[in-house]
Amino acid sequence: MTDDLFRLTVAEAGDALAAGDISSVDLTRSVLDRIDAVDARTGAYLLVTADAALAQAEAADDRRAGGDAGPLLGIPLAIKDVLCTDGVATTCASRILEGFVPPFDATVVARLKDAGAVLVGKTNMDEFAMGSSNENSGYHPVRNPWDLSKVPGGSSGGSAAAVAADECLAALGSDTGGSVRQPAALCGCVGLKPTYGRVSRYGLVAFASSLDQVGPLTKSVHDAAVLLAATAGHDPRDATSLPEPVPNFAAELDGNVEGLRVGVAPEYFGEGIDAGVASAVEDAIGALEANGTEIRAITLPHTEYALPVYYVIAPSEASANLARYNGVKYGLSDPQAVDVDEMMATVRAQGFGAEVKRRIMLGTFALSSGYYDAYYLRAQKVRTLIKQDFDTAFESVDVIAAPTSPTTAFDLGGRTADPLAMYRADVLTLPASLAGLPAISVPCGFVDGLPVGLQLIAPPLHEARLLRVADAYERLRPETPALRQAVEA
């Protein structure tokens, strides 16, 4: 084998490990060397746990020698820094949690460990998952591996950049309004948001509790299916966790989509969508049609309200969830404060970044006396209408196809002075999040050398169908060009 084991997919690495061609220690060292070589340019990681990763790799090799097997045994993965990790710092890329070390693992992290995965580090993100560019990190921004002058998307930009730059074989992110799918599209990898409740949120630091969901970022649809199967399933510690069986998603990827009905809504191709992005997505839809699917026109009339609805509901829930960060129990504190009120004011002023403060203020206003009915309650009613649009559409189609992001990756700093322009980066991913639906972004082409994502949306708990269509398209997709040399320089 060559020194570039870090370029393997999860499936390829699993086959090589099973055949005895490589060891997990070899594979992990290759990934750690890759991180050393390129992460100074991408900024994908906040923390690399090299010693622990090598110890886990040795344990995985021992398990395999003892007859154990599994698709993730000995596979190096990265974890978004919004997921709690026992004994390893979890900061949510915020200064207010600097140095916080959880005494437990998030359920998804525990399940990956049980599967024998090797966890190489915690990836960078927008602070408390609030952002669309990964420029809101309290530590440093992440850069897009395809063009280091561009953003990787957010808030799971570190996970997406790490996968795209081969700094891990796959990663976990979280998706509240598009935070897995949008960076996957901008970085040219696969990003899956499962049905709300399909994957446990226990140990996921909360942003907006009715929207947050953990999902994988991978190099292939097959790998996404493997990670979903490993992390999904009922968890009694999460009241929103669904008691549904978990299929063997990867076993159902046969490339056959004959007769499936694919819905296309004009609302996803309207004003603000880059012409090159629209063309690439239309070509992808055409490829699915040529492979036997039936393309049907549908309408989702309340889609246009998703952006304002989200930016009432999500900040309102963030305002409540982030009230716990007050300098008393953990994280940043102010021992010089004369009383609790002064300590809380100082800690929150110094610990939270500008975007987090903005959303806390938006949410607090929307929930305040005299405004709750006018804003939060009304937004929840419109959210119901958005969900009903999808319910109606899925009576006549099996999946919905659309762009993931209205544009390709934009310039670092290009939207930081215009919050509304930044918020519009998620306009195409928000509706599925508000409706709690599973959705995936799959690379479908390039515009001026930057990746474009095809978004597919399915009814609740139909991840198997979603993955089958995404895999079928992936098999039809033209060969992906080599990663630009910017990240290698």
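The values are calculated or read from the model by the stated rules, or taken from the named source; none is laboratory data. Please read these numbers as outputs of a predicted model, since none were measured by experiment. Ideal geometry is used to build each Cβ from the backbone, glycine not excepted, and the neighbour counts take in all protein chains shown. For the accessible areas, the whole protein counts, side chains as well, though only heavy atoms, and no ligand, DNA or RNA atoms are used. Shrake-Rupley method; radii C 1.70, N 1.55, O 1.52, S 1.80 Å.
Per-structure values
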quantity: Members of segment 110-163 found to be open to solvent by 20 Å² or more (accessible area, probe 1.4 Å) and among the aliphatic types (A, V, I, L, M), listed by number; calculated: 110, 115, 148
quantity: Residues of segment 363-388 satisfying the condition of being open to solvent by less than 40 Å² (accessible area, probe 1.4 Å) and over 30 Å from residue 328 (Cβ atoms); calculated: 379, 382, 383, 386
quantity: Residue within segment 179-196 that is among the aromatic types (Phe, Trp, Tyr), modelled with pLDDT of 95 or more and either open to solvent by 10 Å² or more (accessible area, probe 1.4 Å) or within 10 Å of the chain's Cα centre (by Cα) (or both) present; calculated: yes
quantity: Scan of segment 320-357 for residues that are open to solvent by less than 80 Å² (accessible area, probe 1.4 Å), hydrophobic (A, V, I, L, M, F, W, C) and under 22 Å from residue 103 (Cα atoms), ordered by number; calculated: 322, 323, 332
quantity: Lone unmet requirement of (1) open to solvent by 40 Å² or more (accessible area, probe 1.4 Å); (2) touching a strand residue (DSSP E or B) at 6+ places or on another chain (Cβ under 8 Å); (3) within 30 Å of residue 33 (Cβ to Cβ) for residue 479; calculated: (2)
quantity: Candidates 445, 413, 370, filtered to the one that is of a type outside the set (A, V, I, L, M, F, W, C) and either part of a strand (DSSP E or B) or under 24 Å from residue 232 (Cα atoms) (or both); calculated: 445
quantity: Filter result for the condition that a residue is at pLDDT 95 or above, over 21 Å from residue 428 (Cα atoms) and open to solvent by less than 30 Å² (accessible area, probe 1.4 Å), over 285, 360; calculated: 360
quantity: Members of segment 336-365 that are in a helix (DSSP H, G or I), closer than 19 Å to residue 91 by Cα and hydrophobic (A, V, I, L, M, F, W, C); calculated: 344, 347, 349, 354, 356, 360
quantity: Yes/no for residue 127 being within 17 Å of the chain's Cα centre (by Cα) and of a type in the set (Asp, Glu); calculated: yes
quantity: Segment 14-37 residues that are touching a residue at least 60 places away in the same chain (Cβ under 8 Å) and farther than 16 Å from residue 58 by Cα, paired with ones that are outside any helix (DSSP H, G or I) and β-branched (Val, Ile, Thr) (beta carbon under 9 Å, 6 or more apart); calculated: 35/48; 35/120
quantity: Criterion violated by residue 43 - all others in (1) over 18 Å from residue 112 (Cα atoms); (2) small (Gly, Ala, Ser); (3) loosely packed, with under 15 Cβ neighbours inside 10 Å; (4) in contact with a helix residue (DSSP H, G or I) (Cβ under 8 Å, 6 or more places away or on another chain) satisfied; calculated: (3)
quantity: Residue within segment 236-249 that is loosely packed, with under 14 Cβ neighbours inside 10 Å, more than 24 Å from the chain's Cα centre (by Cα) and either at pLDDT below 95 or not in a helix (DSSP H, G or I) (or both) present; calculated: no
quantity: Hits in segment 7-40 - residues which are open to solvent by 20 Å² or more (accessible area, probe 1.4 Å) and of a type in the set (D, E, K, R); calculated: 7, 12, 15, 21, 26, 29, 33, 36, 39
quantity: Residue ID - farthest from residue 218 (Cα to Cα), chosen from residues in segment 250-268 that are in a helix (DSSP H, G or I) and open to solvent by less than 50 Å² (accessible area, probe 1.4 Å); calculated: 268
quantity: Single match in 99, 116 (criterion: assigned to a loop (DSSP other than H, G, I, E, B) and more than 29 Å from residue 61 (Cα to Cα)); calculated: 99
quantity: Filtered residues of segment 164-174 (kept if in contact with a strand residue (DSSP E or B) (Cβ under 9 Å, 6 or more places away or on another chain) and open to solvent by 10 Å² or more (accessible area, probe 1.4 Å)); calculated: 164
quantity: Among the residues listed as 183, 216, 152, the single one being in contact with a helix residue (DSSP H, G or I) (Cβ under 9 Å, 6 or more places away or on another chain) and assigned to a strand (DSSP E or B); calculated: 216
quantity: Matching residues in segment 197-207 - criterion: being surrounded by 24 or more Cβ atoms within 10 Å (Cβ to Cβ) and small (Gly, Ala, Ser); calculated: 200
quantity: Segment 367-382 residues that are under 14 Å from residue 308 (Cβ atoms), paired with ones that are basic (Lys, Arg) (beta carbon under 9 Å, 6 or more apart); calculated: none
quantity: For residue 3: the one exception among (1) at pLDDT 95 or above; (2) in a loop (DSSP other than H, G, I, E, B); calculated: (1)
quantity: Matching residues in segment 263-294 - criterion: being within 25 Å of the chain's Cα centre (by Cα) and of a type in the set (S, T, N, Q); calculated: 279
